[in-house]
Amino acid sequence: MSAATIDEICLVALAEAFRGDGELLCHPMGPFPVAAGRLARASFEPDLMLTDTIAYAVTGTVPLGTIVGDPAEDEGIVVEGYLPFRTVFDQIWAGRRHVVMGASQIDRHGNQNFAAIGDYRRPKAQLLGLRGAPGNVINHTTSYWIPNQARTFVESVDMVSGPGYDRVAALGESGGRFHEIRRIVTELAAYDFETPDRTMRLRSVHPGVAIDDVLAATPFELAVPDEVPSSRLPTDEELRLIREVIDPTGIRQAEFRS
Amino acid sequence: MTEDEVVAELGDGMTIGIGGWGSRRKPMSLVRAILRSGLSDLHVVSYGGPDVGLLCAEGRVRKLTYGFVSLDSIPLEPHFRIARQTGSVEAREYDEGAFYLGLLAATHRVPFYPTRAGLGSDMLTYNPDLKTVTSPYADRTELVAVPAFDIDVSLVHMNRADAAGNGQFLGPDLYFDDLFAMAAERTFMSCERLVATEDLLSEGSVHTLRIPRLHTDGVVEAPGGAHFTECPPDYGRDEAFQREYAATARDPEAWARFRADWLDLPSHEDYRARLAERTEPGERR
């Protein structure tokens, strides 16, 4: 097995966000997070429930791009549940879910924006909108996949779609009791909020990345521990799963070509 | 009924709910009938896709209540983006799940449903239709009070229906079409195929009969009525057509051409006939 490349290291770092989740609906948005969810289940978190991103919960480890119900492609897919959007919202509010979303902007408190750039009332750029971010983030565990840190980490976001720790603290104990931003993974490093004031902390640096590179791509004050571990390398079995089973055509690499 | 007979029941300034989800099972033949009518000043309530984009592009929308607007395979709806960036519509954006509660509140005839969705986010900052409510119980939690969406008329597209207005979906997800039907004063349903009541169970289980005639005021048989959005299992999305539609937002001439080719047609039958003349997907311009 040839050495792990940066996309594979990021994939494992994102999969690690699901460690310990047990029997939970893992709901990643976009091909890269989907690959991470499938890797986590195939490698070390076997009880995760995963969706096909349409309306079914599926078992088995299938390649990215597989469409359930297409007889040409559905070998190995076993449907174990039905999750139409209405049920997904019920699941969100019941809290048995861990979502991975993207961000156009994110600040040191974890306030995320992918709704619009500029003044929301007449934005310079209308982006995705709020989508499900407000309800996701306030109701259950959230992680973020951010493939371009320097462009996304900001001093302050133009508007908040997914609230961070400062916003949630202002709600009082009851309003924010189910809020948890577990992990942020970028192309440079992994981050969490395990600090006394719940601001962003450098958790691990990907192999080959210097802490100075991380700081150069971070426009805000970042908590940096005295000893910063290196993000772990994929195991041989994980590399096999990524390259031969989950993503044989290299869809995951698209976000690293910029 | 015909599409034009449905639209004759609508009026300027009305609140119109549109079923489906993004670029999925949208009542597009009814939307096109609105476009060829003079209707304007509408308040559109939708999990939006090209229905919203087209109505915005033609300047028919005064106010938009939405959970999102997307073309799915093209994440950003380009005509909706223009409407937002030029400030041409009053935007009332809801978290996707909160939007469901607005439909549910209207269906249940209560003024609001409470939820955590939106707490701490700027949904509350920028949506003047939204207020919060404090739990009357010991917890005293402050929650978002999603107001009932008072809809005059809803438009939905089903795979099958009978003449009495019992609607059937055969795809993977009903979305929220039953709630659109129940939340509205009146609902008009288009369908891929009108079938006899006794044939409703020949293609799907009883679980697919999700809109009872109690909530339907008229049915239009519109084969291909969701085109270019998807309508499985009858057909998938016409991605080539959708790309062509999306590209019209960058070029006023392309929009004028698209409008002449696909919107300025007297009926859904004419639209279908023109579609049949199109070359095979690989050869499309």
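Shape verdict for chain B, please, from the Cα gyration tensor: rounded (a/c under 1.5), prolate (a/b greater than b/c) or oblate.
Verdict is oblate for chain B.
What does the average come to when, for each residue of peptide B:122-131, you count the partner chain Cβ atoms lying within 10 Å of its Cβ? Each step should come with its number before you reach the end.
Working: counts 14, 9, 1, 3, 7, 2, 0, 0, 0, 0.
For this peptide, the per-residue mean of nearby foreign Cβ atoms is 4.
For the range A:131-175, what class follows from the C-alpha gyration tensor (a ≥ b ≥ c being the square roots of its eigenvalues): rounded when a/c is under 1.5, otherwise prolate if a/b is larger than b/c, else oblate? Before the final figure, lay out each step's value.
Numbers: a/c = 2.29, a/b = 1.59, b/c = 1.44.
Cα axes put the range A:131-175 in the prolate bin.
So which residue, out of B:Val153, B:Val133, B:Val52, gets the largest mean-square fluctuation from a GNM of chain B using Cα contacts under 10 Å as springs?
Comparing B:Val153, B:Val133, B:Val52 in a Gaussian network model of chain B, the most mobile one is B:Val133.
Using only Cα atoms, what Kirkwood radius does the range A:6-256 have, in angstroms?
Numbers: mean 1/r = 0.0537 Å⁻¹.
This gives a value of 18.6 Å.
Cα convex hull of the range A:1-130: how many Å³ per residue?
Values: hull volume 21.8 nm³, N = 130.
Cα convex hull per residue, to the nearest whole number: 167 Å³.
Rounded, prolate or oblate: pick one for the protein assembly as shown, where a ≥ b ≥ c are the square roots of the eigenvalues of its C-alpha gyration tensor, a/c under 1.5 means rounded, and failing that, prolate if a/b is larger than b/c, else oblate. Spell out each step's value before the answer.
Working: a/c = 1.73, a/b = 1.49, b/c = 1.16.
The shape class here is prolate.
Before anything else, pin down the relative contact order of the range A:1-58: Cα pairs under 8 Å, at least 6 apart, normalised by residue count, whole percent.
Details: 61 pairs, mean separation 19.2, N = 58.
Result for the range A:1-58 is 33 percent.
Give the carbon-plus-sulfur fraction of the accessible surface of chain A in %, rounded to a whole number; probe 1.4 Å, heavy atoms of protein chains only.
51 percent
Quick check for you: with a 1.4 Å probe and neighbouring chains kept, what is the accessible area per residue of the range A:6-256, in Å²?
Details: 10000 Å² over 251 residues.
Counting only protein heavy atoms, the per-residue value for the range A:6-256 is 40 Å².
A:Val78 versus A:Arg96, label points 7 Å from Cα toward the beta carbon: distance in nm?
It is 1.9 nm.
If only Cα atoms are counted, what is the Rg of the range B:1-149, and what is its Dmax, in Å?
Rg and Dmax of the range B:1-149, Cα atoms, are 16.3, 55 Å.
What FRET efficiency do you get for A:Ile211 and B:Arg213 if R0 is 56 Å and r is their Cβ-Cβ distance, rounded to the nearest 0.05?
My answer for the efficiency is 0.25.
Taking the highest mean first, how do the peptides A:165-175, A:32-42 order by number of other beta carbon atoms within 10 angstrom per residue? If you can, show how the numbers build up before the last one.
Working: A:165-175: 17.0, A:32-42: 24.8.
The packing order, highest mean first, is A:32-42, A:165-175.
Could you work out [θ]222 nm for chain A from helices alone, using -39500 (n - 2.57) per DSSP H run of at least four and dividing by all its residues? Round to the nearest 500 deg cm²/dmol. List each step's numbers first, then the result.
Values: 9 runs with 64 residues, N = 258.
Calculated at 222 nm, the ellipticity per residue is -6500 deg cm²/dmol.
Counting other C-beta atoms within 10 Å, and keeping those with at most 16, which DSSP coil trypsin sites (Lys or Arg not before Pro) do you find in the range A:59-163?
Sparse-neighbourhood loop trypsin sites (Lys or Arg not before Pro): A:Arg96, A:Arg121, A:Lys124.
If the elastic network links every pair of Cα atoms under 10 Å, which of A:Val160, A:Val62, A:Val228 fluctuates the most in the Gaussian network model of chain A?
A:Val228
May I ask what percent, to the nearest 5, of DSSP beta bridges between residues of the range A:6-256 are antiparallel? Intermediate results must be reported in sequence, preceding the final value.
Working: 17 of 36 bridges.
Of the beta bridges lying entirely in the range A:6-256, close to 45 percent run antiparallel.
Take every Cα pair under 8 Å in chain A that's 6+ residues apart, average their separations, divide by the length, and report that relative contact order as a whole percent.
On the way: 513 pairs, mean separation 54.8, N = 258.
After rounding, I find 21 percent.
If you count, for every residue in A:116-122, the Cβ atoms of partner chains within 10 Å of its Cβ, what is the mean?
Per-residue shielding by partner chains comes out at 4.
Give me the inter-chain shielding for B:89-99: mean count of other chain Cβ atoms within 10 Å, whole number please.
Values: counts 0, 1, 7, 0, 8, 4, 13, 12, 12, 5, 4.
Average neighbour count from other chains, rounded to a whole number: 6.
Nearest 100 Å² is fine: how much accessible area is buried between B and A, summed over both sides, with a 1.4 Å probe? It would help to have the intermediate numbers written out before the result.
Working: alone 12670 and 12410 Å², together 21580 Å².
That pair hides around 3500 Å² of surface in total.
List the relative contact order of the range B:212-285 as a percent without decimals, with contacts defined as Cα pairs under 8 Å and 6+ residues apart.
Contact order relative to length: 20 percent.
In the range B:130-238, which GluC sites (Glu not before Pro) fall in coil by DSSP and have 15 or fewer other Cβ atoms within 10 Å?
Details: sites: B:Glu142, B:Glu185, B:Glu192, B:Glu198, B:Glu203, B:Glu221, B:Glu230; in loops: B:Glu203.
Of the GluC sites (Glu not before Pro), the ones in loops of the range B:130-238 whose Cβ has at most 15 other Cβ atoms within 10 Å are B:Glu203.
Kindly provide the helix-only [θ] at 222 nm of chain B, computed as the sum of -39,500 (n - 2.57) over DSSP H runs of four or more divided by all residues, to the nearest 500 deg cm²/dmol?
-7500 deg cm²/dmol
Which one of A:Asp119, A:Asp21, A:Asp192 has the biggest mean-square fluctuation once chain A is modelled by GNM with Cα springs under 10 Å?
A:Asp119
Under 13 Å from a label point 7 Å along Cα→Cβ of B:Thr86: give me every residue in the range B:44-64 with its amide N that close.
Output list for this probe position: B:54-61.
Roughly speaking, what is the centre-to-centre gap between the range A:108-169 and the range A:170-214 when only Cα atoms are used, to the nearest Å?
When both Cα centres are located, 14 Å separates them.
Using 0.36 nm per residue, how much length does the chain from B:Arg259 to B:Leu275 gain when fully extended, once their Cα-Cα distance is taken away? Walk me through the numbers on the way to the answer.
Values: separation 16, 0.36 × 16 = 5.76 nm, distance 1.39 nm.
Length gained between B:Arg259 and B:Leu275: 4.4 nm.
The values are calculated or read from the model by the stated rules, or taken from the named source; none is laboratory data. These numbers come from a predicted model, not from an experiment. Here Cβ is always computed from backbone atoms with ideal geometry, including for glycine, and neighbour counts include all displayed protein chains. The area values use the complete protein model at the heavy-atom level, side chains included, leaving out ligands, DNA and RNA. Shrake-Rupley method; radii C 1.70, N 1.55, O 1.52, S 1.80 Å.
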